[in-house]
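> What follows is a single structure, and I will ask about it in a moment.
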Amino acid sequence: MERFPMTPGGLKKLQEELKRLKSEERPAIIRAIAEARAHGDLSENAEYHAAKERQSFIEGRIAELEDKTSRAEVIDPATMSGDTVRFGATVKVVDEETDAEKEYQIVGADEADIEEGRISITSPIARAMIGKGIGDQIEVHAPSGARYYEILGVTYR
């Protein structure tokens, strides 16, 4: 069984979404289906079909979240240290072409949010950084061509 690496914060977000879907969304859609059924002929009842479609989506998402949370391998970056980039590391890099500095935290696929500086462990830049240390140069193959970065710092928080 494949495990999903995840930070404690990422697991908490998935658990909160799962709880919300089960305690709020599922009961609301059941009420909507019951109300739509009360309107009569189901074959031409758009409200009923929309509610059933929404129910299907919610049940699918619940199953997906239950699977992911049960297979989560929680890794707390706050308990880690070192100068080598691993899952959970916050890495400061400089683009060698533009001299722009950026900071990324390497997280699980479900936690990634580029706007907040969190990148998936499966992303090209994260894969290029894994195992590297401060002062190392990395090459990232992007759709626009190869990009080169230098690792300026590695922290775990």
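The values are calculated or read from the model by the stated rules, or taken from the named source; none is laboratory data. Quantities reported herein were computed from a predicted structural model and do not represent experimental measurements. Neighbour counts are summed over all protein chains in view; Cβ atoms, including those assigned to glycine, are modelled from backbone coordinates with ideal geometry.
> Just to be sure I understand, how many residues within segment 90-111 are within 25 Å of MET1 (Cα to Cα) and of a type in the set (A, V, I, L, M, F, W, C)?
3
> Find the helices (runs of 4 or more DSSP H) located wholly in segment 1-113 whose residues include 2 or more that are within 30 Å of GLY133 (Cβ to Cβ), and list them. Walk me through it before giving the result.
Values: elements: 8-20, 26-37, 46-70.
The qualifying helices (runs of 4 or more DSSP H) are 8-20.
> Here's something else I'd like to know. Restricting to segment 1-32, and then to whatever is hydrophobic (A, V, I, L, M, F, W, C) and touching a Gly at 6+ places or on another chain (Cβ under 8 Å), can you tell me which residue is farthest from ALA63 (Cα to Cα)? Talk me through it step by step, then tell me what you get.
Going residue by residue through segment 1-32, those that are hydrophobic (A, V, I, L, M, F, W, C) are 1, 4, 6, 11, 14, 18, 21, 28-30, 32.
When the remaining residues are screened for being touching a Gly at 6+ places or on another chain (Cβ under 8 Å), the result is 4, 6.
Details: PHE4: 15, MET6: 18 Å.
It comes out as MET6.
> Anything in segment 112-151 that is touching a Gly at 6+ places or on another chain (Cβ under 8 Å) and of a type outside the set (D, E, K, R)? List them, or say none. Working first, answer last.
Just the residues of segment 112-151 that are touching a Gly at 6+ places or on another chain (Cβ under 8 Å), to begin with: 120-121, 134, 150-151.
Of everything in segment 112-151, those that are touching a Gly at 6+ places or on another chain (Cβ under 8 Å) and of a type outside the set (D, E, K, R) turn out to be SER120, ILE121, ILE134, ILE151.
> How about segment 7-33: which of its residues are within 30 Å of ARG86 (Cα to Cα) and touching a helix residue (DSSP H, G or I) at 6+ places or on another chain (Cβ under 8 Å)? Lay out the reasoning, then the answer.
As a first pass, look at segment 7-33 and keep what is within 30 Å of ARG86 (Cα to Cα): 7-18.
Residues satisfying the conditions are THR7, LEU11, LEU14, GLN15, GLU17, LEU18.
> For segment 84-128, give me each residue that is surrounded by fewer than 16 Cβ atoms within 10 Å (Cβ to Cβ), within 24 Å of THR69 (Cα to Cα) and polar (S, T, N, Q).
Once the filter is applied, which keeps residues that are surrounded by fewer than 16 Cβ atoms within 10 Å (Cβ to Cβ), within 24 Å of THR69 (Cα to Cα) and polar (S, T, N, Q), segment 84-128 yields only THR122.
> Restricting to segment 1-60, what's the tally of residues that are touching a residue at least 24 places away in the same chain (Cβ under 8 Å) and under 16 Å from VAL74 (Cα atoms)?
14
Yes/no per residue for (1) of a type in the set (Lys, Arg); (2) at positive phi; (3) surrounded by 11 or more Cβ atoms within 10 Å (Cβ to Cβ):
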{"residue": "PRO5", "(1), (2), (3)": "no, no, yes"}
{"residue": "GLY9", "(1), (2), (3)": "no, no, yes"}
{"residue": "LYS13", "(1), (2), (3)": "yes, no, yes"}
{"residue": "ILE29", "(1), (2), (3)": "no, no, yes"}
{"residue": "GLY60", "(1), (2), (3)": "no, no, no"}
{"residue": "LEU65", "(1), (2), (3)": "no, no, yes"}
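> Which of the residues spanning segment 131-152 are surrounded by 15 or more Cβ atoms within 10 Å (Cβ to Cβ) and either of a type outside the set (Ser, Thr, Tyr) or modelled with pLDDT under 95 (or both)?
In the first step, residues of segment 131-152 are kept if they are surrounded by 15 or more Cβ atoms within 10 Å (Cβ to Cβ); the result is 132, 136, 138, 140, 147, 149-151.
Within segment 131-152, LYS132, ASP136, ILE138, VAL140, ARG147, GLU150, ILE151 meet the criteria.
> Is it the case, given these coordinates, that LEU11 is of a type in the set (A, V, I, L, M), touching a strand residue (DSSP E or B) at 6+ places or on another chain (Cβ under 7 Å) and not assigned by TED's automatic domain parsing to the domain that holds ASP113?
Yes: the conditions hold for LEU11.
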